[in-house]
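Encoded as structure tokens, the structure appears first; notes follow it.
Derivation of every value follows stated rules applied to the coordinates shown; laboratory data play no part. All values reported here derive from a predicted model rather than from experimental measurement. All Cβ positions, even for glycine, are placed from backbone atoms using ideal geometry, and neighbour counts span all protein chains on display.
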Amino acid sequence: MTQQGNAPAEIDATYYEARPPRMVDARAFPPHESLRGEMGRSELKLDDVTDPDYPWQLMAHDSPGGKKRMEEVKRRKAEAVQDYVLVHSRFWQQALDPRHAPPGKYTNTFTYTIGRTRAQSSSVEAGLEVSLGIAKGIFTGSMKGSLKWTSTTETTFSESRTRTIEETYDGNCWFLYWQTMHEMALYRREIGNPDALVLVRAVVAPSSVVMVDRFNLDKLKATQRPGPLLGTGSVTLNKGESRDFNGWVFGNTKVSVKNLSKNDDGQLILSWLSLGGRIVIDVGPGAVKQVDKYLPASFKATSSGVTSLEVWTA
């Protein structure tokens, strides 16, 4: 859904090594995650993978019947699967909820943790082998070269670090926290359609430090922000009347509605403009109800039913 009278909001979710996604439209914050950027890939043989659709390695075979069933699953796998592909990718992910800096000088302090606690880098590879269901010891030197699985990659997986950053700057902006993530994903290539990859399993872990990206509201043209900014305040909607709230909402967004009638039922319809989605709130005579959700987008409030409603946000 887009705002009336405006072109559709654009979001650039491309993965860039040097920077996280940027705001390209006043109505469209960057996505929670960027697209994946492939770093490298390596092919695996059928018996190197315990496939949940063909788990013959996990089947009991200590009886004639069990062995027969195991051999049948192994045969079906050989008839359907060509091979497997292990893909190492990176992507940007928002590490914390975006926050708004008010006008004036603003100081922000935040603490974050990256990496996982591991005794040594070899246990990282062993953990990935178990998580992905691939053969033990499969991470050879040649495979790591194909995947671009470097010592830096191993270190970021194997260490856990807590960091604190304090920054002071001029406000009137949103700021977003980003960190790059590693993904190791296992795909199945089927004989009937070798050009398509079917996801089997994926393992994700944080890697690099958090980057703070700011977007100053003064960069936005007034025509890009029609209507009231979403914030503390209220508006009365008569039956059938709508109102756009075109601020940027993050975190626990509370939308409240009060039925101004003591005799009639009312209904408030909330439509999120850049995410899609719709919530309907039924409000009895004189009643007050609230919605508290994490939905980062502007929204349209529409009064339906037979009465007038007062809507306010916080």
Q) Under a Cβ-Cβ cut-off of 15 Å, what is the net charge of the residues other than K136 that fall near it, where Lys and Arg count +1 and Asp and Glu count -1? A) -3
Q: Output the pairs from K105/K289; K77/K148; K45/K67; K77/K144; K262/K300 with a Cα-Cα distance over 32 Å in this structure; if there are none, say none.
A: K105/K289
Q) Among residues other than Q57 whose Cβ falls under 11 Å from its Cβ, what is the net charge (Lys/Arg +1, Asp/Glu -1)? A) -1
Q) Which net charge results when you count Lys and Arg as +1 and Asp and Glu as -1 among the other residues whose beta-carbon is under 14 Å from that of V87? A) +4
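Quick one: length gained pulling T236 to K68 fully straight, 0.36 nm per residue minus the C-alpha distance?
53.3 nm
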Q: Compute the distance in nm between two label points, each set 7 Å from the Cα along the Cα-to-Cβ direction, one at D195 and one at D53.
A: 1.9 nm
Q. Once label points are set 7 Å from the Cα along Cα→Cβ at both M211 and H61, what is their separation, rounded to one decimal in nm?
A. 4.9 nm
Q. Once the piece of chain linking Q290 and E38 is laid out straight, how much longer is it, given 0.36 nm per residue of separation minus the C-alpha distance between them?
A. 86.4 nm
Q) With r defined as the distance between the Cβ atoms of R76 and E17 and R0 fixed at 41 Å, what FRET efficiency is calculated, to the nearest 0.05? A) 0.50
Q: Multiply the residue separation of D244 and I279 by 0.36 nm, subtract the distance between their alpha-carbon atoms, and state the gained length in nm to one decimal.
A: 11.1 nm
